[in-house]
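The values are calculated or read from the model by the stated rules, or taken from the named source; none is laboratory data. All values reported here derive from a predicted model rather than from experimental measurement. Note that we place each Cβ from the backbone using ideal geometry, even for glycine, and neighbour counts take in every protein chain shown.
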Protein chains: 2
Amino acid sequence: MTGTPHPSGPEAAVLDVAGRARVAAQDLALAPRARKDAALHAMADALLAGTAGVLAANAEDVAAAEAAGTPAAIIDRLRLDEGRVAGMADGLRQVAGLPDPVGEVVRGSTLANGLELRQVRVPFGVVGIIYEARPNVTADAAGICLKAGNAVLLRGSSSALRSNTAIVEVLRGAAAAAGLPEDVVQLVPGEGHEPAKALMRARGLVDVLIPRGGAGLIRSVVEESTVPVIETGAGNCHVYVDAAADLDRALAVVMNAKTHRPSVCNAAESLLVHRDVAAEFLPRVVRALQEAGVTVHGDEAFAAFDGVEAATEEDYAKEYLSLDIAAAVVPDLEAAVEHIRRYSSGHSDAIVTGSQEAARRFVATVDSAAVLVNASTRFTDGGEFGFGAEIGISTQKLHARGPMGLPEMTSTKYVVTGDGHTR
Amino acid sequence: MTGTPHPSGPEAAVLDVAGRARVAAQDLALAPRARKDAALHAMADALLAGTAGVLAANAEDVAAAEAAGTPAAIIDRLRLDEGRVAGMADGLRQVAGLPDPVGEVVRGSTLANGLELRQVRVPFGVVGIIYEARPNVTADAAGICLKAGNAVLLRGSSSALRSNTAIVEVLRGAAAAAGLPEDVVQLVPGEGHEPAKALMRARGLVDVLIPRGGAGLIRSVVEESTVPVIETGAGNCHVYVDAAADLDRALAVVMNAKTHRPSVCNAAESLLVHRDVAAEFLPRVVRALQEAGVTVHGDEAFAAFDGVEAATEEDYAKEYLSLDIAAAVVPDLEAAVEHIRRYSSGHSDAIVTGSQEAARRFVATVDSAAVLVNASTRFTDGGEFGFGAEIGISTQKLHARGPMGLPEMTSTKYVVTGDGHTR
């Protein structure tokens with residue numbers, strides 16, 4: 001399957017868990033919704049019952065991270081408390097409440113010769129997830145994969161290893177108690193980069209790999225992997241304020257997109273303003289941003305204001321994930337689109353305008369997963385879109401683009417039924 | 001975009017055509033259906049008008065191939081005549097007659113907060129196609145890509161270079177005459193393997209790569225490419241004759257699947273027979289296959305018949321594409337599914353049975369793009385499925401699985417419309 005006849009060491013260990021995941025996936029694919037939902041509720045119950053053990057393991061991770069001088073913001077993402085564990089349990093119950101995507105008939109017809117054709121959703125099989133820091137992703141990802149009928153191989157960051165191990169043990173026990181193979185959820189074993197690399201090369205054993213994390217992680221997975229990859233997350237999102245914008249709305253959208261939660265991928269990182277409204281809008285938006293603690297990195301027009309730093313090429317390309325914003329004045333909508341085509345990561349880009357023509361042109365020419373008209377980029381989110389659960393936000397064009405819910409975690413199969421039909 | 005700051009030689013030439021395709025794709029994405037259909041009809045007209053030039057170029061390819069001692073079967077695939085050129089023109093007109101997938105609203109709703117959410121089909125952008133031998137693929141692929149709004153980069157085999165160059169020149173001229181950029185259709189320039197490799201690494205310039213050809217070509221593209229790939233075509237297809245099969249139907253399905261057109265990917269390569277019907281079915285099927293000129297490579301039970309060769313492990317794994325079939329008797333349906341899981345390429349696998357329970361079990365547990373019940377594997381085909389046009393048959397689980405028509409040649413984009421909505 002992998003072209004390596006006799007692997008050893010970390011690779012052998014990864015191929016071993018992948019092989020067990022494959023066997024478990026065959027059982028899971030046949031599990032009816034009721035059994036999967038029962039397992040999800042059992043997992044939620046077990047997490048609540050096992051909170052003390054999970055928190056004890058997490059405390060060791062946090063102590064080790066503190067001793068290593070890890071920045072406070074990262075330690076905050078690593079740290080669990082009773083509320084966060086309860087949140088994981090709630091998430092599992094929410095997934096249990098969602099419709100089962102498996103078995104959905106996506107397309108169907110009876111052909112001219114009487115053959116019945118149905119395209120039906122089926123699980124991928126084995127899904128690998130490579131992620132950073134936050135241990136609550138462990139439970140979220142396991143729950144979504146399980147509901148979609150996929151066995152999951154989880155590769156979290158080494159700083160969260162004790163937490164993830166404790167969470168996975170709880171989930172596996174609950175799965176087994178609910179009558180599913182415990183190997184529907186596994187951690188990828190081993191230290192360093194080799195195990196992740198082995199996962200990326202486990203073609204034929206792993207069906208899909210989803211990296212969740214920074215741009216560097218995603219790039220390395222795309223470069224290394226022979227398993228098909230769904231890229232997620234990098235978000236250099238833009239808000240463009242058009243000549244025909246209502247400037248009160250524009251200000252509200254810019255402030256929300258930048259400051260509502262600056263550390264997430266759908267936060268705005270760049271502001272573009274049509275020159276016809278620059279004289280009126282720039283003083284207002286610069287003051288409001290600065291009052292909210294945002295550092296503006298601007299072109300000449302913006303840099304004329306006190307406290308605005310001169311923007312470099314890198315500022316326009318950067319995903320700050322902080323209270324910083326790059327800003328520029330553009331001569332027209334076409335220049336805004338050109339700027340976005342050049343710098344956007346293809347995640348979410350917004351226009352604020354009262355012009356139907358400008359909105360249509362922006363929607364047609366901006367090539368991103370989500371294009372928003374008179375709405376904050378913060379709305380690009382599985383929860384906001386009503387998907388009920390989200391495994392990530394795809395920034396690629398193949399298979400899934402934008403927020404990915406349960407249906408995006410499945411493939412399809414054609415079922416063709418006849419009574420002895422031949423060509 | 002590609003991580004190579006100053007490429008030179010073949011790589012620079014490929015990045016140049018890819019960059020021009022990217023520019024052309026921006027125009028093409030905005031072209032309404034009427035303009036695309038007009039271009040397709042113009043291409044068909046131009047191919048008919050330019051038949052003599054295309055055939056002259058093709059005659060040179062054929063002469064060179066003959067001088068090089070190329071096998072007759074491959075020369076037959078390479079050779080064009082007036083009928084085949086007319087067939088290409090007809091294919092382009094058929095594509096013109098199909099609905100435009102671009103702009104189709106796949107999903108849409110109004111969220112609780114009044115935001116309007118629409119998921120809309122959009123072109124991929126630039127599609128690369130790497131293919132072998134048959135020059136008619138050049139026109140087919142260009143037509144399908146154009147209708148779906150994609151600029152195409154074509155990399156055919158060197159043996160067909162003169163033919164492909166002539167066809168592409170005709171298509172480009174017609175596109176330009178119809179008001180589209182001529183760079184919507186381009187050949188990838190250069191000799192040897194380097195240009196194809198450069199195409200596989202042109203991440204950010206090329207959106208999707210589709211290899212069409214043998215297993216070796218597809219494996220090398222999957223290994224080398226950092227551009228997302230859709231795998232197509234390798235077909236080790238099975239027919240399983242169940243204990244509850246009507247044996248007349250079973251015989252008809254086996255014979256059709258094996259002999260109707262043995263050189264294509266949906267032809268059957270393996271036959272599995274339940275032991276309860278082996279005594280009655282084996283004599284009939286072996287005789288019928290042998291009378292049709294098929295060599296049977298069988299297990300012990302089959303090898304008891306005159307003229308049946310003993311099957312090796314490789315026979316069961318092989319895509320013969322010839323009048324050969326591997327055959328085995330299995331103790332039950334589970335063993336048949338196990339055999340298929342082990343050897344199938346995940347293309348098309350069929351069961352012949354009168355048992356509803358066996359059919360359900362087979363459909364649920366065989367993990368292939370198409371699972372057929374009482375029907376020949378030969379039906380897995382875009383034309384048979386009613387898609388009107390087919391770019392290939394995907395054997396991967398991501399994005400598209402099974403025959404790919406126009407909708408499979410698109411991505412989607414979320415369009416979110418509000419009136420100043422913030423979170």
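A few notes on this one:
- When region A:223-241 is filtered for residues that are within 10 Å of chain B (Cβ to nearest Cβ) and buried (at least 19 other Cβ atoms within 10 Å of the Cβ), the ones remaining, listed by number, are A:Ser225, A:Thr226, A:Val227, A:Pro228, A:Val229, A:Ile230, A:Glu231.
- Selection status of B:Leu80, under 21 Å from the mean Cα position of the chain (by Cα) and surrounded by 13 or more Cβ atoms within 10 Å (Cβ to Cβ): yes
- Any hit, region A:208-217, residues being facing another protein chain (nearest Cβ under 10 Å), at pLDDT below 95 and in contact with a strand residue (DSSP E or B) (Cβ under 9 Å, 6 or more places away or on another chain): no
- Residues of region B:302-319 satisfying the condition of being modelled with pLDDT of 95 or more and part of a loop (DSSP other than H, G, I, E, B): B:Ala304, B:Phe305, B:Asp306, B:Gly307, B:Val308, B:Ala311, B:Thr312
Matching residues to (1) within 30 Å of A:Ala375 (Cβ to Cβ); (2) at the interface with another protein chain (Cβ under 7 Å from one of its Cβ atoms); (3) of a type in the set (Asp, Glu); (4) out of contact with any Cys (no Cβ under 9 Å at 6 or more places or on another chain):
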| residue | (1), (2), (3), (4) |
| --- | --- |
| B:Ile391 | no, no, no, no |
| B:Gly402 | no, yes, no, yes |
| B:Gly405 | no, no, no, yes |
| B:Thr412 | yes, yes, no, yes |
| B:Val416 | yes, yes, no, yes |
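- Residue match in region B:374-384 (condition: without any contact (Cβ under 8 Å) to a residue 24 or more places away in the chain, over 29 Å from B:Cys145 (Cα atoms), surrounded by 21 or more Cβ atoms within 10 Å (Cβ to Cβ) and not assigned by TED's automatic domain parsing to the domain that holds B:Ile144): no
- Residue list for region B:292-308, filter: exposed (fewer than 15 other Cβ atoms within 10 Å of the Cβ) and either at positive phi or more than 31 Å from the chain's Cα centre (by Cα) (or both): B:Gly293, B:Glu300, B:Ala304, B:Asp306, B:Gly307
- Tallying residues that are closer than 15 Å to A:Gly128 by Cα and among the hydrophobic types (A, V, I, L, M, F, W, C) within region A:154-195 yields 6.
- For region B:131-145, residues that are among the hydrophobic types (A, V, I, L, M, F, W, C), modelled with pLDDT under 95 and either at negative phi or not assigned by TED's automatic domain parsing to the domain that holds B:Leu406 (or both) total 1.
- Among the residues making up region A:339-356, those that are without any contact (Cβ under 8 Å) to a residue 60 or more places away in the chain and either within 23 Å of A:Leu251 (Cβ to Cβ) or facing chain B (nearest Cβ under 9 Å) (or both) are A:Arg341, A:Gln356.
Yes/no per residue for (1) under 20 Å from B:Ala25 (Cα atoms); (2) without any contact (Cβ under 8 Å) to a residue 12 or more places away in the chain; (3) buried (at least 24 other Cβ atoms within 10 Å of the Cβ); (4) not polar (S, T, N, Q):
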{"residue": "B:Leu92", "(1), (2), (3), (4)": "yes, no, yes, yes"}
{"residue": "B:Gly114", "(1), (2), (3), (4)": "no, no, no, yes"}
{"residue": "B:Pro123", "(1), (2), (3), (4)": "yes, no, yes, yes"}
{"residue": "B:Val127", "(1), (2), (3), (4)": "yes, no, yes, yes"}
{"residue": "B:Pro135", "(1), (2), (3), (4)": "no, no, yes, yes"}
{"residue": "B:Ala139", "(1), (2), (3), (4)": "yes, no, yes, yes"}
{"residue": "B:Gly179", "(1), (2), (3), (4)": "yes, no, no, yes"}
{"residue": "B:Val185", "(1), (2), (3), (4)": "yes, no, yes, yes"}
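- Test: residue in region A:233-240 that is under 20 Å from A:Glu334 (Cα atoms) and among the hydrophobic types (A, V, I, L, M, F, W, C): yes
- Subset of region A:212-245 [assigned to a strand (DSSP E or B), touching a Leu at 6+ places or on another chain (Cβ under 9 Å) and of a type outside the set (A, V, I, L, M, F, W, C)]: A:His238, A:Tyr240
- Failed item, numbered, when A:Arg423 is tested on (1) assigned by TED's automatic domain parsing to the domain that holds A:Ser263; (2) over 15 Å from the mean Cα position of the chain (by Cα); (3) of a type outside the set (Ser, Thr, Tyr): (1)
- Condition check for A:Gly149: part of a strand (DSSP E or B), within 14 Å of chain B (Cβ to nearest Cβ), modelled with pLDDT of 95 or more and crowded, with 21+ Cβ neighbours inside 10 Å: no
- Of the residues screened, B:Ala141 is not one that is aliphatic (A, V, I, L, M), within 14 Å of chain A (Cβ to nearest Cβ) and either over 17 Å from B:Gly392 (Cβ atoms) or under 15 Å from the mean Cα position of the chain (by Cα) (or both).
- For region A:364-373, the count of residues that are within 7 Å of another protein chain (Cβ to nearest Cβ), at positive phi and either touching a His at 6+ places or on another chain (Cβ under 9 Å) or among the basic types (Lys, Arg) (or both) is zero.
- Cβ pairs under 9 Å, 6+ apart, first in region B:242-257 and within 7 Å of chain A (Cβ to nearest Cβ), second part of a helix (DSSP H, G or I): B:Val253/B:Thr377; B:Asn256/B:Thr377; B:Asn256/B:Arg378
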